[in-house]
Amino acid sequence: MMKNKNVKTTGVYVHIPFCVKKCNYCDFLSFASDDKTKERYINALCREISAYCEDKKIAADTVFIGGGTPSVLKPELIERLMKTVREGFSLTEDCEITIEANPGTVDEKKAEVYRDAGINRISLGVQSLDDDILKRLGRIHSRKEFLKTYELLRNKGFDNINTDLMFSLPSQSFDKWKETLEEIISLKPEHISFYSLIIEEGTPFYDEWLKGSLKEISDDDDRRMYHYASDKLKEKGYIHYEISNAALPGRGSRHNLKYWSMDEYAGFGLGAHSFIDGVRYEDTHDMEEYLLLYSGDLRSRKERYNVINRNTVKDNAEEFVFTGLRKLEGIYKDDFHRLIGRSIYDIYSEEIAKMVKEGLLKDHGGRIALTTKGVDISNYVMREFIKDEWKL
Amino acid sequence: MSYRDYIRNFSIIAHIDHGKSTLADRLLEKTGLVSERDMKEQFLDNMDIERERGITIKLQTTRVVYKANDGNEYIFNLIDTPGHVDFTYEVSRSLAACEGALLIVDATQGVEAQTMANAYLASNEDLEILPVINKIDLPSADPQMAIDEIEEMLAIEAHDAPQVSAKDGINIDVLLEAIVNKIPSPEGDENAPLKALIFDSVYDNYKGVIIYTRIVDGRVKKGDMIRLMATGKVYEVTEVGILAPGPVPFKELKAGEVGYITASIKQVADARVGDTITNNDEPTSEPLPGYRQVQSMVYCGIYPAGTEKYEAVKDALEKLQVNDAAFVFEPETSQALGFGFRCGFLGLLHMEIIVERLDREFNLSIVTTSPSVIYRVTKTDGEELMIQNPSNLPNMVEIAKMEEPMVKANIMIPNEYVGAIMEICQERRGRMDHMEYISENRVVLEYIMPLNEVIYDFFDALKSKTRGYGSLDYEFIGYEQSKLVKLDVLLNKELVDAFSMIVHESKAYARGRFVCEKLKDIIPMHQFEVPIQASVGTKVIARETVRAYRKDVLAKCYGGDISRKKKLLEKQKEGKKRMRQFGSVEVPQEAFTAVLKYDEK
């Protein structure tokens, strides 16, 4: 999945921080809100996009409207948002335009508006097909609602659907995971993400975990569920192309791949991240500040954005490796050389040799990739590549 | 009357926690030069570590003025002494600078091992010992018991000993008068050639080494050329003065007085405790008796940990040595730990203090290896080696004889613990030499023990078994032949020389098992199984396994938030820095000290 090096195109990320109600495991920047705030937010968001683009018409080949739950917005707001994006960016013909949706919030009207606005990919937060588990997670939808929504989207012509699944959930047996996964596969979505539950600080699950009322699934069971999914998906014709993602051939998420390939992306909205011209930015996390910031005329992007880091060559090398290794095909040594200006062995020969020796990386042909064992403990592998100093 | 008739030079000696520092504070408060407002907690102690441990490491001497009931002003030179067995020699030199000593005894505890040890040291220096019963304010105080014990056990008359409470300031006046009346004034001839005792020295960034001295004969002033008799080095005096307790310059110091001398001396090792200062142009014929070169008893390796720089550790050790003549070090190399230093200490406490100072004052991350004593090894070809690093032990087939240093341990305990303590002494290969009931419920046990058993965990075990009531004092008595073996530790089948230790044959199995169990708890899970083995020669005597971990993966990245992931990896990496890498095994630093700690079984 190498990118086309000749045409510089960017990815566009738009953050919608709203949801009906926060799930018990969620530590994303999202919350329930009233209609007025939502409208003010979209106004500010559109201004942010327009101000960034001015009259440049930047070429973009992916758009991702993520959240939160973008589908909680009234369809007109999505319509306006898409219009603004199209005014600011010159979207390529094959542009991948994704919206995240909760199965409980999509109706016929919304599906039509999305389709007519040019959105061509839907990412559904399914998580599980077991109603007890859905309840335990604090999801607002049921198994039945998901099935209905899925069918609706297919009927409205969406031919690129992702389903997000979670495993290692409290009280989830291996068999229950197997059932959910196999039923999803039988629906043949183009893309399936499968995430292991991480109990994050500041979530209700975390509090329960501290109190002891939530028991973590053992690492052994977690890995069993993971590898079962990987094997099953491959068996059914999916390509397991990223640690937590699988897709039918040609259906990998092009937008998400940008994150793992040091490609550019411009992020808009509360807390949104961007990577532009070697600089990483992060928008404010404070809603009031955000609304205030984008209420008046804006002069330049530099003043508005919070720069987190101007990447050094060292940063680039490290990020290239640890993001790139998430892709199971691995990193291309040529790409490294092109980006960093030096051979990957100039900088990481010891680390690569050590990881290969430990059976966690495979180094063959033009690529270096995680082994199956390496995937399980990928953090261990990746942090090898974060070095204090570079020997010259 | 001579000026000397109005001088009293004395130390305060006590068992640890019997209230020495508090009493010193109180004396300073009741005399001139220090106001109540200036009083800090534990006025005499000036190091953080000392305050925490409640013991005095470095001496600090103070001169105060007391207006006595007879209407005269007396100069008191209060000479502080360190309070631990490791520093016996320093204590003896401080005592040699005095005519008298206040022997503090806690009215609730009575005489303890260090009370006795210190009282003996003081009588060896022919000091007038003035017993003082402290802590009479406590409900459980039994002054008569303390008096009886002093008379019975130390043969020191104590029936009219001042009974005080340093904490509440009770009867301090009585004590001050007793100091004037009971402690003799110094003798000496101020017109004789200079003869002065160095009883301590500290390094000062501006003045160089400040020598703490007692003038025995003669005089000294700025501009004099002095000679330090043991080292033979000659210096020009740049300043003399008194200690209040900070240096206050005076024109001259003369016989009987206590004060300081500076002479552009670069390190404290050049002004050794116990050395005699004389005038280079008009020298004294004989140095003062009792000078002894400091002998390290305990050695260990100190290595930079993780990414710590060798040079940074070297600098810090040099700085510490400038102020601590008893601390020695030289470079060495370990296969496991790379370049580092072999360091010599007076004892285990001294070692712990240095290690803590490296951490606290220099913010260094270091690894210390198992402490070792010096073994005397005679090879089959007759060559004799002094081995302080287990790695340097010759092959067993080349060894004809091994000897280890022995100490006489003086253990004082309440009688109900006799059984338990005899047991731990026997476990540590102790031979009982003597046992005596010194009072109805107190027993002194004298054991001949190998020093390596004492430095390992004996003191911790003693404290633990006696709920803190046991006390220990020991002295080196010589070498003795012994059946010793080298115990090695292998991680993932690779020998880690930093864990190697020399142990008695009979202890190898238990120690091997203990070390393996400890390491199993401390070494984090790796992505592979880590076998931990203890071996003697090629024979594995104990084994544990750290099982492999299965999962360390971040399922999701959030909307292109790469920095979050990077921070996580960096944080994990930071944790790794505190680890030491052996082959492919990562070992946390605390592993090296944890394998030495006493474990209550």
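In the assembled protein chains, B:Thr380 presents an accessible area of approximately 100 Å² (probe radius 1.4 Å). Can you give the calculated 222 nm mean residue ellipticity of chain A, where each DSSP H run of n ≥ 4 adds -39,500 (n - 2.57) and the sum is split over every residue, rounded to the nearest 500 deg cm²/dmol? Calculated at 222 nm, the ellipticity per residue is -12500 deg cm²/dmol. The mean number of partner chain beta-carbon atoms within 10 angstrom of a residue's beta-carbon across peptide A:382-388 is 5.
Could you tell me whether region A:10-260 comes out rounded, prolate or oblate from its Cα gyration tensor? Rule is a ≥ b ≥ c as square roots of the eigenvalues, rounded for a/c under 1.5, then prolate if a/b exceeds b/c, otherwise oblate. Prolate shape, in that a/c is at least 1.5 and a/b is the bigger ratio.
Only counting protein heavy atoms at a 1.4 Å probe, give the residues of region B:538-553, ordered by number, whose accessible area falls by 40 Å² or more when the other protein chains are present relative to the chain alone. Correct list: B:Tyr549, B:Arg550, B:Lys551, B:Asp552, B:Val553.
Residues of region A:325-360 that bury at least 10 Å² of accessible area when the other protein chains are present, relative to the chain alone (probe 1.4 Å, heavy atoms, ligands and nucleic acids excluded): A:Arg326, A:Lys354, A:Glu358. Ordering B:101-109, B:483-491, B:203-211 by mean Cβ neighbour count within 10 Å, with the highest value first, yields B:101-109, B:483-491, B:203-211.
Its DSSP H runs of at least 4 residues, each contributing -39,500 (n - 2.57), put the calculated 222 nm mean residue ellipticity of chain B at -7000 deg cm²/dmol, to the nearest 500. Could you check the simple spin-label distance between A:Lys83 and A:Glu54, using points 7 Å along Cα→Cβ, in nm with one decimal? Taking the two extended label points, one gets 2.5 nm. Remark: the B:Asp189-B:Glu517 segment gains 111.6 nm on full extension, using 0.36 nm per residue and subtracting the alpha carbon distance. Accessible surface area normalised per residue over the protein assembly as shown is 42 Å², counting heavy atoms of protein chains with a 1.4 Å rolling probe.
Report note on the peptides A:344-355, A:11-22: ranked by the mean count of other C-beta atoms within 10 Å, highest first, their order is A:11-22, A:344-355. Which residues does the label zone of A:Lys8 cover in region A:334-348, counting backbone N under 15 Å from a point 7 Å along Cα→Cβ? Residues A:339 fall inside that zone. Computed on protein heavy atoms with a 1.4 Å probe, the accessible areas place B:Arg550, B:Arg63 in the order B:Arg550, B:Arg63, largest first. Ligands, DNA and RNA aside, B:Arg219 has an accessible area near 90 Å² when probed at 1.4 Å.
Summed over both chains, the contact between B and A buries some 3500 Å² of accessible surface at a probe radius of 1.4 Å. Answer rounded, prolate or oblate for region A:314-383, using the Cα gyration tensor with square roots of eigenvalues a ≥ b ≥ c: rounded when a/c is under 1.5, else prolate when a/b is larger than b/c, else oblate. It comes out prolate by the Cα gyration axes. Other protein chain C-beta atoms within 10 Å of residue C-beta, averaged over A:268-280: 2.
Relative contact order for chain B: what is it in percent, counting Cα pairs under 8 Å that are at least 6 residues apart? This gives 9 percent for chain B. Each label was represented as a point 7 Å from its Cα along the Cα-to-Cβ direction; for B:Ala548 and A:Glu288 these points are 5.4 nm apart. Sorting the segments A:237-243, B:417-423, A:270-276 by their mean number of nearby beta carbons within 10 angstrom, highest to lowest, gives A:270-276, A:237-243, B:417-423.
Each Cα pair under 8 Å and six or more residues apart adds its separation to the average, and for region A:314-383 the resulting relative contact order is 33 percent. Kindly identify the protein assembly as shown as rounded, prolate or oblate by the Cα gyration tensor criterion: order the square roots of the eigenvalues as a ≥ b ≥ c, call it rounded if a/c is under 1.5, otherwise compare a/b with b/c, prolate if a/b is larger, else oblate. Judged from the Cα gyration tensor, the protein assembly as shown comes out prolate (a/c at least 1.5, a/b above b/c).
Less than 5 angstrom separates the built amide H of A:Phe194 from those of A:Leu165, A:Asn245, A:Ala246, all sequence-distant by 5 or more or on a different chain. Take every pair of alpha-carbon atoms less than 8 Å apart whose residues are at least six positions apart; their mean separation over the length of region A:10-260 yields a relative contact order of 18 percent. When the pairs A:Lys83/A:Lys178; A:Lys333/A:Lys387; A:Lys148/B:Lys551 are compared against a 30 Å limit on Cα-Cα distance, A:Lys83/A:Lys178; A:Lys148/B:Lys551 fall above it.
Counting only residues at least eight positions apart within a chain, or on another chain, the aspartates and glutamates with an alpha carbon under 12 Å from that of B:Lys135 are B:Asp17, B:Asp106, B:Asp168.
Averaging 1/r over each pair of different alpha-carbon atoms in region B:277-403 and inverting the result gives 16.7 Å, the Kirkwood hydrodynamic radius. Of all lysines in the structure, those lying under 19 Å Cα to Cα from B:Lys539, and not within fewer than 8 positions of it along the same chain, are B:Lys483, B:Lys486, B:Lys493, B:Lys507. Round to the nearest 10 and give me the degree value, 0 to 90, for the angle of helix B:348-360's Cα axis relative to the longest principal axis of chain B. That works out to roughly 80 degrees.
Show me, for region A:215-225, the HN-Hα J-couplings you get by feeding each phi into the Karplus relation (A = 6.51, B = -1.76, C = 1.60, θ = phi - 60°), rounded to Hz, glycine and proline as x. Result, ordered by residue: 9, 6, 6, 5, 4, 4, 5, 4, 5, 5, 5 Hz. If you roll a 1.4 angstrom probe over the protein chains with everything in place, what fraction of the accessible area of the protein assembly as shown belongs to carbon and sulfur, to the nearest %? With neighbouring chains kept in place, the figure for the protein assembly as shown is 47 percent. Taking a quarter of the surface of the Cα convex hull of chain B gives a mean projected area of 32.6 nm².
Distance between the 7 Å Cα→Cβ label points at A:Ser33 and B:Glu383: 8.1 nm.
The values are calculated or read from the model by the stated rules, or taken from the named source; none is laboratory data. These numbers come from a predicted model, not from an experiment. Note that we place each Cβ from the backbone using ideal geometry, even for glycine, and neighbour counts take in every protein chain shown. Keep in mind that these areas ignore ligands, DNA and RNA; they rest on the heavy atoms of the full protein, side chains included. Shrake-Rupley method; radii C 1.70, N 1.55, O 1.52, S 1.80 Å.
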